[in-house]
Each structure stands twice: as C-alpha cells, then as structure tokens.
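The values are calculated or read from the model by the stated rules, or taken from the named source; none is laboratory data. What you see is a predicted model, and the numbers here were worked out from it, not measured in a lab. All Cβ positions, glycine included, derive from the backbone under ideal geometry; neighbour counts span all protein chains shown.
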Number of protein chains: 2
Amino acid sequence: MERTKKIRIQQIKEGQMEEMEDQVVMEYPLTIYLNGEEFITLLCSPDSSEGLTYLALGFLISEGMIAEKSHVGKVAVEEDAGHIHLQLNNKTDLKQKLYGKRTVTTGCGKGTVFYNVLDSLGSKKINEDIIYDYQHILNLSRKLNQMSALFKETGGVHFCALGNREKILFFHEDIGRHNALDKIIGEAFSKGIELKDKILITSGRLSSEMIIKAAKKAIPIIVSRSAPTELSINIAKDLDITLIGFARGNRMNIYHGGKRVSRKAM
Amino acid sequence: MERTKKIRIQQIKEGQMEEMEDQVVMEYPLTIYLNGEEFITLLCSPDSSEGLTYLALGFLISEGMIAEKSHVGKVAVEEDAGHIHLQLNNKTDLKQKLYGKRTVTTGCGKGTVFYNVLDSLGSKKINEDIIYDYQHILNLSRKLNQMSALFKETGGVHFCALGNREKILFFHEDIGRHNALDKIIGEAFSKGIELKDKILITSGRLSSEMIIKAAKKAIPIIVSRSAPTELSINIAKDLDITLIGFARGNRMNIYHGGKRVSRKAM
C-alpha cells in the first residue's frame, strides 16, 4: 500500500494563489480482531501485510496479551478493509485480559496502570553488560536516517530500527512513534530474535511510554536522534537502561548507562 | 510547576567525553478522578492548576463525558500527587459513559469507535462563513511561534492556540499534541467562549484525531505549521472545515476550504 499520496492543493505565497501538487502522508485505520471479536483500532501508516502483522503482534505483546509464539494461531490480513484477524490460543486468560486491558488502555500518554507498569518492571532491571562503540552507534543512526526515504519525503513519519554490533537488522516507519516500535517488537517476535543484547534506534522523542515498551522487552540500549523526557531518564536510571539522545553527526548525549558505550577509537 | 529541568549528562563529541548540563522536558502523570472514582491517567507537561483543570475538562469534553457547565461541580487539583478530582453532575449517564468510553478509549490513534465518530460528525458539517485574511493567519502563526519559548528551549513540546480576527486569545503547550488541544477546548469551555467562529493554530502534525477533536467543537478553520495527513484532509472535506498546513513565513498550503481565506492586500 502506498504510504503517501499526491493531492491538489492551493498555495498562497506572498499574496499569490497557485494550484499545485503536494505529497501528503496517509493515515490508515487497522482494526484488530481477536478470535473473531473486535478488539481495537490503531491509526497507522499503510504497510505491507507483513508490516501490519508485525504491528498487531507488537501491540499485543506490548499490551501483555501475548508472550510466546504458541499463543498465536492463524493470522489473516484484509488490507482493503483495514482488518487483521488473529487467532489466540491462550484463551483462558484472554477474556479477562481483554476486559482488563480495555479498562486501562494506554496510548499516547493515557493509562491508569502507569505506576503499576513501573512497579512490575521494577524487577526487570537490565543486567546485560554488552558494550557498543559510540562510533558504531552514530553510524547506525546515520544509516537509518539515509534509509528513511519516507521521512524525508513528507516529514511526517517516525522511524525505529533494531541493530546489533554489526548492522541494522530491520527498521520500520509509521506516523505513530509507538507503532514503529511495536512493529520492531512484532518482527523480532515473529523471527524469534532475542532483544536483550540489541540496540533500539528511533527518530522520535523518547517519552516514558516508549521506554516502558522497550524495557518490557529488556532492550539494554535505546538511542534517539531527538530528546528524552525527564521521566524517561528516571525510568532508564531505575531499570539501568542505557539512554542516548541527540545521536546526530559526531555527537550524542548519554542520559544514563554510559558504561555500555565504548570509545575504542580513542 | 517547572516544565523543564536541568540535568547532568555525558556528551560524546568527536570522541571526547564531557560532563555537561542539559535541559530536558518534564513528563507529568495526571490522574483524573470522577466523583471519587479513578478514571484515567494522562501523561502531560507539568502546568498550573488552571492549566491542568483545562486539560481535564477538555479531555472530558473531547471524550463526550461533559457538554455544558452545569455538568461540572467542584474541581480540586492536587499538584504534587498528580491528581485532579472532578465532581460531575450528569450522573445518570456517567457510569454508562465511563464504561462505554473505557471500552473504546482513543488516544494516539487507538479507538474502536473511529468510524462511528465520523458517522456522528457527518451531521455536523461546518456552515460558518466567516472569512480570515491570509496575512492575519500568517501573523497569528508567527506570533504563536515567538510566544512558544518552551518549544524553542527544548524542541520537545507542541503548542496550540485559539485566535479570532483580531488576535490570539490564548495558547497552551504540552508534550502531547492532543493535550495542548484539549487545554484550548477546556479553557474555552471554562470561559464560555464559542469556538464556531474561531481559528485554531497548532505546531504539530494534523492527524485525524486532532481534526475530529476540533470538528466536535465546530471550529471552522484549522491551521498548522506542519503537515496534515491524507485522512485529515478527507475529513476536512467531508465536514467542510478549512484546513491549512505549512503556515510559515509568507506561505501556506490550503488543503480544503479556501473560501474562508481572503487576500485583501491584493
């Protein structure tokens, strides 16, 4: 599916009105059905069936609905309708989880379970002692920026990538920061890739919900080309996550966990 | 409450590590209690008691929980705890609305009622024939940009303003685009200001949820310094809302509703 569309607009420039073409970013409603029951609609960027599947899986993982591959049965995407149907096999909890989740839905800063989430993460302190070289981190950030053609085209989407000590493993774009991260989590889940020694790179601001999503999957290093919030920094400190912001050009700010960043070249 | 905080960070720049000070934007969890019952937690920027009240009111209006002043009784903000208590007088519907809303919570692109919302708005086509001069619109956008000191300081917040044909009436900042708009809606509600002949100006991208929030209050002209999505443009066309993007310097893009934009100076 196309992620942008050319449309006709009127532009006023220094008093002159002109008809012209403009490229705008698409927004696509994807409704998730679990075992035949409508669960939730995500507004996201149009994507391949694969991308939409990763998004739905990542969202369900982030929301604690599924945790392992055996939980997921058949998946069917109806692209034109904007539907994705998932058969979940962890039925015992599902109804309760569905109900429970619905009463506390988070999303762009909403969630009555905010502190409960932090509490439950308290035990998940990151013990991973993997070390990434700062030049490698900057290279990944640079590469990601080059790859993100859509970002450059319209300035309207966020991107998110998973890397290891060699390269970028995969990356996703979406109009929603959370969606891009959920796609990463969903793809890693689908491919059976462990996240606990990987690096997450994102274009967008690191709000607390981004950190919490990443922390739930025990990602030890989170890098943004933009800024973290103060709450994110506190969470990173609590959970001992390496948090890096403004990774651009030859520079990065380390907000916590500098011990996982080496400067071999020096 | 302070909206930013100075913290110590490590910066690596061209291989050199340096300890320095950095200013980061705060994120503040505000839990809304309705008639003593916990309803939802919003993650927002710290604000004055007044600002937090506007946010809570605006959120409840946007979610269809309240519609007129008589619905709201006592309001009490506990800034340090991050709580706001509202007494609502439209009790008959409240429980049902509470329950109903919780099953369909929207927020950053989530909401099973997405199409229902559009359907119910279908009857709310904007009939307002007020005209704003394009130079005035650009002036408001420029002024708002100057006013937004916080935006410049940290690059981490969005702002939103309400204007009329003379000036900017009030403006709000928040780390969440939706929150900034909810504050505008809440302040207008508190002050008994009609929105149906006003202009809304925002720094952030115009996603469908922003347009829907504004459309619910029948705001006829929506202006952004950034881009709209294609879905937003479609909604603007359906509801005949004037939608303007990239209002910067001497230029603006009109995506729909050019009839409400004049060029007197010509």
Taking region B:183-203 as the region of interest, how many residues are out of contact with any Asp or Glu (no Cβ under 7 Å at 6 or more places or on another chain), more than 17 Å from B:PHE59 (Cβ to Cβ) and not basic (Lys, Arg)?
6
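Provide a single number: the residues in region B:181-197 that are buried (at least 24 other Cβ atoms within 10 Å of the Cβ), of a type outside the set (Val, Ile, Thr) and away from every other protein chain (no Cβ under 14 Å). Even if it seems obvious, please write down each step before you answer.
Start the filter on region B:181-197 by keeping residues that are buried (at least 24 other Cβ atoms within 10 Å of the Cβ), which leaves B:181-186.
Right, trim to of a type outside the set (Val, Ile, Thr) and you get B:181-183, B:186.
Checking the rest, the ones that are also away from every other protein chain (no Cβ under 14 Å) come to B:186.
Counting residues in region B:181-197 that are buried (at least 24 other Cβ atoms within 10 Å of the Cβ), of a type outside the set (Val, Ile, Thr) and away from every other protein chain (no Cβ under 14 Å) gives 1.
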Just a yes or no: is a residue in region B:72-86 at pLDDT below 95, touching a Lys or Arg at 6+ places or on another chain (Cβ under 8 Å) and not β-branched (Val, Ile, Thr)?
no
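Based on this model, can you work out whether A:LEU60 counts as under 21 Å from A:ALA236 (Cα atoms), buried (at least 19 other Cβ atoms within 10 Å of the Cβ) and either touching a Cys at 6+ places or on another chain (Cβ under 8 Å) or at pLDDT 85 or above (or both)? So that I can check it myself, show each step before the final result.
Working: under 21 Å from A:ALA236 (Cα atoms): no; buried (at least 19 other Cβ atoms within 10 Å of the Cβ): yes; either touching a Cys at 6+ places or on another chain (Cβ under 8 Å) or at pLDDT 85 or above (or both): yes.
For A:LEU60, the condition - under 21 Å from A:ALA236 (Cα atoms), buried (at least 19 other Cβ atoms within 10 Å of the Cβ) and either touching a Cys at 6+ places or on another chain (Cβ under 8 Å) or at pLDDT 85 or above (or both) - is not met.
Of all residues in region A:18-57, which are acidic (Asp, Glu) and surrounded by fewer than 22 Cβ atoms within 10 Å (Cβ to Cβ)? Spell out the reasoning first.
Step one: of region A:18-57, the residues acidic (Asp, Glu) are A:18-19, A:21-22, A:27, A:37-38, A:47, A:50.
If the condition is that a residue be acidic (Asp, Glu) and surrounded by fewer than 22 Cβ atoms within 10 Å (Cβ to Cβ), then A:GLU18, A:GLU19, A:GLU21, A:ASP22, A:GLU37, A:GLU38, A:GLU50 are the ones that fit.
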Could you tell me how many of the residues in region A:21-53 are out of contact with any Ser or Thr (no Cβ under 6 Å at 6 or more places or on another chain), closer than 21 Å to A:ILE7 by Cα, more than 7 Å from chain B (Cβ to nearest Cβ) and outside any loop (DSSP other than H, G, I, E, B)?
2
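Answer yes or no as to whether B:MET1 is in contact with a Pro (Cβ under 7 Å, 6 or more places away or on another chain) and more than 10 Å from every other protein chain (Cβ to nearest Cβ). Lay out the reasoning, then the answer.
On the way: in contact with a Pro (Cβ under 7 Å, 6 or more places away or on another chain): yes; more than 10 Å from every other protein chain (Cβ to nearest Cβ): yes.
Judged against the criteria, B:MET1 is a match.
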How do the pairs read when you match residues in region A:38-50 that are within 15 Å of B:THR229 (Cα to Cα) with residues anywhere that are among the β-branched types (Val, Ile, Thr), using Cβ under 6 Å and keeping only pairs 6 or more apart or on different chains?
A:SER45/A:ILE175
Scan B:LEU138, B:LEU150 and give me the residue that is of a type in the set (A, V, I, L, M), at pLDDT 95 or above and assigned to a helix (DSSP H, G or I).
B:LEU138
What tally of residues in region B:63-88 results from selecting those that are closer than 22 Å to B:ARG3 by Cβ and surrounded by 15 or more Cβ atoms within 10 Å (Cβ to Cβ)?
6
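Sort out which residues of region A:224-266 are among the hydrophobic types (A, V, I, L, M, F, W, C), touching a strand residue (DSSP E or B) at 6+ places or on another chain (Cβ under 7 Å) and on the phi < 0 side of the Ramachandran plot, and write them in order of number. It would help to see each step written out before you state the result.
To start, the set of residues in region A:224-266 that are among the hydrophobic types (A, V, I, L, M, F, W, C) comprises A:227, A:231, A:233, A:235-236, A:239, A:241, A:243-244, A:246-247, A:252, A:254, A:261, A:265-266.
Restricting the remaining residues to those that are touching a strand residue (DSSP E or B) at 6+ places or on another chain (Cβ under 7 Å) gives A:227, A:233, A:236, A:241, A:243-244, A:246-247, A:252, A:254, A:261.
Result: A:ALA227, A:ILE233, A:ALA236, A:ILE241, A:LEU243, A:ILE244, A:ALA247, A:MET252, A:ILE254, A:VAL261.
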Please indicate, with yes or no, whether at least one residue in region B:155-164 is closer than 25 Å to B:LYS5 by Cβ, out of contact with any helix residue (DSSP H, G or I) (no Cβ under 7 Å at 6 or more places or on another chain) and in a helix (DSSP H, G or I).
no
Looking only at region B:222-232, decide whether some residue is farther than 17 Å from B:ASN139 by Cβ, surrounded by fewer than 20 Cβ atoms within 10 Å (Cβ to Cβ), modelled with pLDDT under 95 and within 10 Å of chain A (Cβ to nearest Cβ).
yes
Only residues that are buried (at least 17 other Cβ atoms within 10 Å of the Cβ), at pLDDT 95 or above and of a type outside the set (Gly, Ala, Ser): list them for region A:161-180, please.
A:LEU162, A:ILE168
Show the residue pairs that are 6+ apart or on different chains and have beta-carbon atoms under 8 Å apart, the first residue being within region A:176-191 and without any contact (Cβ under 8 Å) to a residue 60 or more places away in the chain, the second being surrounded by fewer than 22 Cβ atoms within 10 Å (Cβ to Cβ).
A:ARG177/A:GLY204; A:ALA180/A:GLY204; A:ALA188/A:GLU194; A:ALA188/A:LEU195; A:ALA188/A:LYS217
Tell me, which residue of region B:4-16 that is over 30 Å from B:ASP47 (Cβ atoms) and surrounded by fewer than 15 Cβ atoms within 10 Å (Cβ to Cβ) is farthest from the other protein chains (Cβ to nearest Cβ)?
B:GLN16
